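Inspection log for the structure reproduced underneath, given as structure tokens.
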Amino acid sequence: MPHPTQVVALLKAQQIRHIRLYDADRGMLVALANSGIRVMVSIPNEQLLGIGQSNSTAANWVSRNIVAHYPATNITAICVGSEVLTTLPNAARILVNAMKFIHSALVASNLDNQIKVSSPLASSIILDSFPPSQAFFNRSWNPVLVPMLNFLQSTGSYLMLNIYPYYDYMQSNGVIPLDYALFKPLSPTKEAVDANTLVHYSNVFDAMVDATYFAMAFLNFTNIPVIVTETGWPSKGDSNEPDATMENANTYNSNLIRHVMNKTGTPKRPGIAVSTYIYELYNEDLKPGPISEKNWGLFDANGDPIYILRLTGSGSLLANDTTNQTYCTAKEGADPKMLQAALDWACGPGKVDCSPLLQGKPCYEPDNVIAHATYAFDTYYHRMGKTSDACDFNGVADITTTDPS
């Protein structure tokens, strides 16, 4: 791993404002101080039994890992364990106790309003997740889930859920189409329809979030928000993981960010953005298991991006565009007449030198209005100092991180 100060420098350079840690590493918490970055810390599963059986152990953990760093380090939540029910079932019986003990320690330090306590769940504890309106939690976990949901509701916290459309797709034996897992636009006939509500779903992610809301409602909990504590897509895989590719990882994460940022919400909760953490910041080259396990990161250990996210129109959220290279291109599907008018303006009043677009010159091919307009728009945009209003052209241009040349 890079040094904590390098990690924080990368977060700042990328304008990443929220980070989830898998522990409460002192070096990271010190490096994050006064950065303004909102931090979620975690209690690793191996510490759960101690904390869940002793109020004083929990209080010590909070004083050492939270009170010692807050408020300089902006800690907003504590994840008590991770996917405990599915990965460490023998600790499940003390999970809610651990959450309550940690919360009591926050109350004693007067931090319970600023810092929420929850525990990330694997989406596999939801059975029959499609159609969402019929989803319910695995009933064998109700003795843990009902007290947990009571705790989340009474403390104003949220349900933390890890959603992996990649694995849902891989395990579906062809039932889930790849485009549906990747948030790609689908025609209405290809969308999945919930037969009970007649609601259309265009991606796995929304369907899983709504399934969680329905599963909670089935147990009479209707006002606990869901936040997604992990989701992502691997950029490389073994021969039996043909869809773990850089292209698919870029498509998934770019579409995910756009989907969350434009606040469409889900069909059941429209207009309410689902707060989401991308797994993960760095590739983990030493991680055991299949090749895909090592390749979920947006960056390598040197801080170089694995791929450049395609985030046209998301403002400053060019998440791993380390060079801050942006370009101005003709918008896909723009009216050719409008493009031609904008091109004429750029080559005339806009004073762009359009001579390279003439027949026989280097930028003549491909000879179409989109390519020529992109050349003119981008030249003008760079000359005007890459301000966002220099890439408008009456709405037929977009800022992108992909070099159009």
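The values are calculated or read from the model by the stated rules, or taken from the named source; none is laboratory data. Just so you know, these numbers come straight off a predicted model, no measurement behind them. Note that we place each Cβ from the backbone using ideal geometry, even for glycine, and neighbour counts take in every protein chain shown. We work out accessible area using only protein heavy atoms, side chains counted, and drop any ligands, DNA or RNA first. Shrake-Rupley method; radii C 1.70, N 1.55, O 1.52, S 1.80 Å.
Couple of notes before you dig in:
- Contour minus Cα-Cα distance for S239 and Q15 (0.36 nm per residue): 77.1 nm
- Where the chain is the region considered: accessible area per residue in Å², 1.4 Å probe: 46
- A cysteine counts as unpartnered when no other cysteine's C-beta lies under 4.7 Å of its own; in the chain this applies to C79, C363.
- If a spin label sat at a point 7 angstrom from the Cα of F218 along the line to its beta carbon, the backbone N atoms of segment 74-103 nearer than 20 Å would be those of 83-87.
- Spin-label model, V67 to D389: label points 7 Å out along the Cα-to-beta-carbon direction sit 5.3 nm apart.
- Selection of trypsin sites (Lys or Arg not before Pro), segment 112-190, meeting DSSP coil and at most 13 other Cβ within 10 Å: K190
- Förster radius 41 Å - calculated FRET efficiency between Q6 and N196 (Cβ-Cβ, nearest 0.05): 0.25
- Contour excess over end-to-end distance, with Cα ends at N142 and L127 and 0.36 nm allotted per residue: 4.1 nm
- For F137, the amide hydrogen comes within under 5 Å of the amide hydrogens of L127, counting only partners 5 or more places away or on other chains and with H modelled in the peptide plane.
- Taken one residue at a time, the phi angles of segment 62-78 give Karplus couplings (6.51, -1.76, 1.60, θ = phi - 60°) of 5, 5, 6, 9, 10, 4, 5, 10, 8, x, 4, 9, 7, 7, 10, 7, 10 Hz. Gly and Pro are set to x.
- Net charge in the neighbourhood of S35 (other residues with Cβ under 14 Å of its Cβ; Lys, Arg +1, Asp, Glu -1) is +3.
- Global form of the chain, assessed from the alpha-carbon gyration tensor, a/c cut-off 1.5: prolate
- FRET efficiency, H382 to K337 (Cβ-Cβ, R0 41 Å, nearest 0.05): 0.95
- Inter-label distance, E284 to Y307: 2.1 nm, where each label sits 7 Å from its Cα along the C-beta direction.
- For segment 1-76: Kirkwood Rh in Å [reciprocal of mean 1/r, alpha carbons]: 13.0
- The packing ranking, built from the mean of other Cβ atoms within 10 Å per residue, places the peptides 118-127, 23-32 in the order 118-127, 23-32, highest first.
- Temperature 20 °C, viscosity 1.002 mPa s: under these conditions the Stokes-Einstein estimate for segment 327-400, based on its Kirkwood radius over C-alpha pairs, is 180 µm² per second.
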